[in-house]
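Trainee: One structure coming up, written as structure tokens, with questions to follow.
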Amino acid sequence: MLKALSNSGIEVMVGVTNEEILGIGQSPSTAAAWINKNVAAYLPSTNITAIAVGSEVLTSIPHAAPVLVSAMNSLHKALVASNLNYQVKVSTPQSMDVIPKPFPPSTAGFNLSWGPTIYQILQFIKNTNSYYMLNAYPYYGYTEGNGIFPLDYALFRPLPSVKQIVDPNTLFHYTSMFDAMVDATYYSIEAFNFSGISIVVTESGWPWFGGSNEPDANTGNAQTYTNNLIRRVLNDSGPPSQPKLPINTYIYELFNEDERPGPVSVKNWGVLFTNGSSVYPLSLSTSNQITGNSSGVFCVAKADADPDKLQDGLNWACGQGQANCTPIQEGQRCYLPNTIANHASYAFNDYYQKMQSVGGTCDFDDTAMTTSVDPSYGSCKFTGSSNSSTIGGLTPAAIAPSSAVGGWSSNLQVSNLQYLIPAAFLVLLLL
């Protein structure tokens, strides 16, 4: 893998396995040998920028916790000895389980039973100018939340005004569980009197298949979550408490882990099949435009919809929903007939055509419905009509299949992976 990624420019994070932590934590020479074998040997051709020491060590293998920071220190000292410490940062990914009560974010704090170890981790991160690694899974936040939060909140879908998620202490509005998880972590770090530590989300995703008792693990939800996550990350903003700090994020995961023990869902998080084809379309773009309506489905206002609800939906679509409402302004081609229902239908449909591939729905508080009948009339062409002039695109990433069928190839086509690596968005995590 590391050879395959050479000369690609892709930023690579290399993982120390949980099984290696005890040996590295107890022996500086073992740490030095690990750096020489897995990092120094591949630089500078492979752009290794970070080392993830273990995976959720505190909650998955707590017996290794006493040597975790020692392992991080030994690895960092080995990097210093090789003059690689400015290029390669060391940290350790933690799950949200180390924060017992993540909502409201402003009162979140680390589990005090891990307090001394987490404090040492944060001190190490601060001293070495590294960053906190967070594994954030709204899938589990939703499925294990006993119905407290709606599914749309976990999937980055817009919530109606009466269901907004608000921190009662800061009055910050949280449009996604992902943002709330990241902010809860920032507040937890702050509660330990540390500042200036940034967060990188080292794992986030959604399973696309599950058992009979896991109905939310499905392709539709996985596609919605992953594409909305990409759009969220690529807007280069942070959570409400840190709006200027982008949330660099790694998608979990590249391929399924079919031999992993546990429920059916834990085996099915991959975004690619082993032949390199995508499990579901990935849209690596922040564009809201579309190429056309291949499905022939439109979104229009219901004939019996409440006028006040229609007006609220119209206001939302033209505002927060970012629909193109210019054609329904006075004097424009879709202004007449000048009715709320007509204007709402145009705005609802424009939003739906642009956003359905990344989770947008045709609902608008139960005032809208889908139809296969093209609602265009005269010179008023609805977005997605075969006669519409709408261009541009939310198109799926083109991921060419690898010639290797059934598993990894020694000549993995790195160029295929580059479709998954915009500058601010990192997908490949070697753990």
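The values are calculated or read from the model by the stated rules, or taken from the named source; none is laboratory data. Quick caveat: nothing in here was measured; it's all calculated off a predicted structure. Note that we place each Cβ from the backbone using ideal geometry, even for glycine, and neighbour counts take in every protein chain shown. These area figures cover heavy atoms from the full protein model, side chains too; ligands, DNA and RNA do not enter into them. Shrake-Rupley method; radii C 1.70, N 1.55, O 1.52, S 1.80 Å.
Trainee: With (1) among the acidic types (D, E); (2) assigned by the TED database to the domain that holds N169; (3) touching a residue at least 60 places away in the same chain (Cβ under 8 Å) as the list, and D312 as the residue in question, which single condition is left unmet?
Mentor: It is condition (2) that D312 fails.
Trainee: From the residues in region 179-196 that are open to solvent by less than 10 Å² (accessible area, probe 1.4 Å) and in contact with a strand residue (DSSP E or B) (Cβ under 7 Å, 6 or more places away or on another chain), which one is nearest to E144 (Cα to Cα)?
Mentor: Among residues in region 179-196 that are open to solvent by less than 10 Å² (accessible area, probe 1.4 Å) and in contact with a strand residue (DSSP E or B) (Cβ under 7 Å, 6 or more places away or on another chain), the one nearest to E144 (Cα to Cα) is A180.
Trainee: Additional query: Filter region 159-178 down to the residues that are surrounded by fewer than 23 Cβ atoms within 10 Å (Cβ to Cβ) and part of a helix (DSSP H, G or I) and list them by number.
Mentor: Listed by number, the residues that qualify are S161, V162, K163.
Trainee: Quickly run through region 315-337 and pick out the residues that are within 18 Å of P160 (Cα to Cα), outside any loop (DSSP other than H, G, I, E, B) and either open to solvent by less than 20 Å² (accessible area, probe 1.4 Å) or touching a residue at least 12 places away in the same chain (Cβ under 8 Å) (or both).
Mentor: Matches in region 315-337: W316, A317, C318.
Trainee: Check every one of the helices (runs of 4 or more DSSP H) wholly within region 6-109 and list those with 3 or more residues that are among the hydrophobic types (A, V, I, L, M, F, W, C). Before the answer, list the steps.
Mentor: Values: elements: 18-26, 28-35, 57-60, 65-81.
Correct list: 18-26, 28-35, 65-81.
Trainee: When you scan region 315-374, how many residues do you find that are touching a Gly at 6+ places or on another chain (Cβ under 8 Å), over 21 Å from P158 (Cα atoms) and among the hydrophobic types (A, V, I, L, M, F, W, C)?
Mentor: The total comes to 0.
Trainee: So which pairs qualify, if the first residue must be in region 213-231 and free of Cβ contacts under 8 Å to residues at least 12 places away in the same chain, the second must be open to solvent by 20 Å² or more (accessible area, probe 1.4 Å) and of a type in the set (F, W, Y), the Cβ gap must be under 8 Å, and the two must be at least 6 apart or on different chains?
Mentor: N218/W208; N218/F209
Trainee: Filtering region 130-154 down to residues that are part of a loop (DSSP other than H, G, I, E, B) and at pLDDT 95 or above, which residue is farthest from F103 (Cα to Cα)?
Mentor: Applying the filter and picking the extreme gives S130.
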